[in-house]
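Here is the structure we will look at, set down as structure tokens.
Only the coordinates and a few stated rules stand behind these numbers; no lab work does. From a predicted model like this one, the values you see are computed outputs, not experimental measurements. Methodologically, a virtual Cβ is constructed for each residue, glycine included, from the backbone with ideal geometry; neighbour enumeration extends over all protein chains shown.
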Amino acid sequence: MLRARNLGEADKIFTLFTRAHGKVNAVGKGVRRPKSALGGRLELLSEATVTLHRGRNLDVIAQVQTLRSYWMQLVEPDALAAASLVAELVDLFCEPELALDDIYTLLVGAVKAIAAAPAPAALIPRFQLRLLHALGLAPSADFCIRCGTTLEENGAWVDVDAGGLGCERCYGARGDAHAFDAGDVANFRALGAPRGGARATLAATPKVARAVDDLVTFHLGRRPRARALLDTFAR
Ligand SMILES: [Zn+2]
């Protein structure tokens, strides 16, 4: 479950992310009543088998069988903030009723990792960059966004407004603060590499973390709400 909001006196609309149908909105009837059988079962980012009945406007949740719940781990404020950001990003980037198997797998892996991590906020840059890759929005780590030449190993420039990395010839003279050194370039490549790959890494350098965050904001057109929450607890 990605999101829940109240509807009427006792109902809630849940935004679910499913492997088969992508993002789906469904009503939980009476879930805010104390005796509701469904009430406590749909937790943030728990994984469940959900039976839906077709409704006139929205589908109605008939049954929920929880498969995995991370509620105990996610009550920690920093873990909850990281999990909330992950849920918000999937909600904002994914269109309803569009199956996105790669993103489902990415989300399941991220939630599991956040629940187990000593510093959950450190996992966010890789999740963000892998999400951009899965959506086809990740910038090339190999070619300049302006002229298309191969980027040098020893440095690159981040052009957030263009959504990518640039070469020294196009950007070097601008004295931009968003310059990557050789370590950042290598880190950016490793951070976006598929899981289990020889060069994959989980941790971002500070400049790469900032750039990935700015790229997410560029594509969304605004900063996710949970970002501020995460910054508060990650300090
Ligand atoms: Zn260039």
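Structure notes:
- Positions within the stretch 134-156 being in contact with an Asp or Glu (Cβ under 7 Å, 6 or more places away or on another chain) and either assigned to a helix (DSSP H, G or I) or buried (at least 20 other Cβ atoms within 10 Å of the Cβ) (or both), in sequence order: ALA134, ILE145, LEU151
- Scanning the stretch 105-133 for residues that are surrounded by 20 or more Cβ atoms within 10 Å (Cβ to Cβ) and either farther than 19 Å from ALA193 by Cα or among the aliphatic types (A, V, I, L, M) (or both) gives LEU106, LEU107, ALA110, VAL111, ILE114, ALA115, PRO120, LEU123, ILE124, LEU129, LEU131, LEU132.
Here is a yes/no grid of residues against (1) hydrophobic (A, V, I, L, M, F, W, C); (2) in contact with a strand residue (DSSP E or B) (Cβ under 8 Å, 6 or more places away or on another chain); (3) within 14 Å of the ligand (Cβ to nearest atom):
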{"position": "LEU137", "(1), (2), (3)": "yes, no, no"}
{"position": "PHE143", "(1), (2), (3)": "yes, yes, yes"}
{"position": "TRP157", "(1), (2), (3)": "yes, yes, yes"}
{"position": "GLY163", "(1), (2), (3)": "no, no, no"}
{"position": "ARG174", "(1), (2), (3)": "no, yes, yes"}
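- Of the candidates ALA200, ALA211, ALA204, the single residue that is hydrophobic (A, V, I, L, M, F, W, C), in contact with a helix residue (DSSP H, G or I) (Cβ under 9 Å, 6 or more places away or on another chain) and in a helix (DSSP H, G or I) is ALA211.
- Annotation note: Cβ proximity below 6 Å between a residue of the stretch 153-168 that is within 15 Å of HIS219 (Cα to Cα) and a residue that is more than 9 Å from the ligand (Cβ to nearest atom) and among the charged types (D, E, K, R) (sequence gap 6+ or interchain) occurs for VAL160/ASP214.
- Some residue of the stretch 74-97 being of a type in the set (Asp, Glu) and within 12 Å of the chain's Cα centre (by Cα): yes
- Restricting attention to the stretch 145-155, the residues that are under 18 Å from THR205 (Cβ atoms) and either away from the ligand (no atom under 13 Å from the Cβ) or of a type in the set (A, V, I, L, M, F, W, C) (or both) total 3.
- All positions within the stretch 214-235 that are part of a helix (DSSP H, G or I) and more than 14 Å from GLY164 (Cβ to Cβ): THR217, LEU220, ARG225, ALA226, ARG227, ALA228, LEU229, LEU230, ASP231, THR232, PHE233, ALA234
- Among the residues listed as ALA81, ALA99, ALA122, ALA87, the single one being of a type in the set (Gly, Ala, Ser), touching a residue at least 60 places away in the same chain (Cβ under 8 Å), away from the ligand (no atom under 16 Å from the Cβ) and part of a loop (DSSP other than H, G, I, E, B): ALA99
- Flag for ARG189 being basic (Lys, Arg), within 13 Å of the ligand (Cβ to nearest atom) and surrounded by 13 or more Cβ atoms within 10 Å (Cβ to Cβ): no
- Looking across the stretch 1-54 at every residue that is among the charged types (D, E, K, R) and out of contact with any helix residue (DSSP H, G or I) (no Cβ under 8 Å at 6 or more places or on another chain), the one that is surrounded by the most Cβ atoms within 10 Å (Cβ to Cβ) is identified as LYS12.
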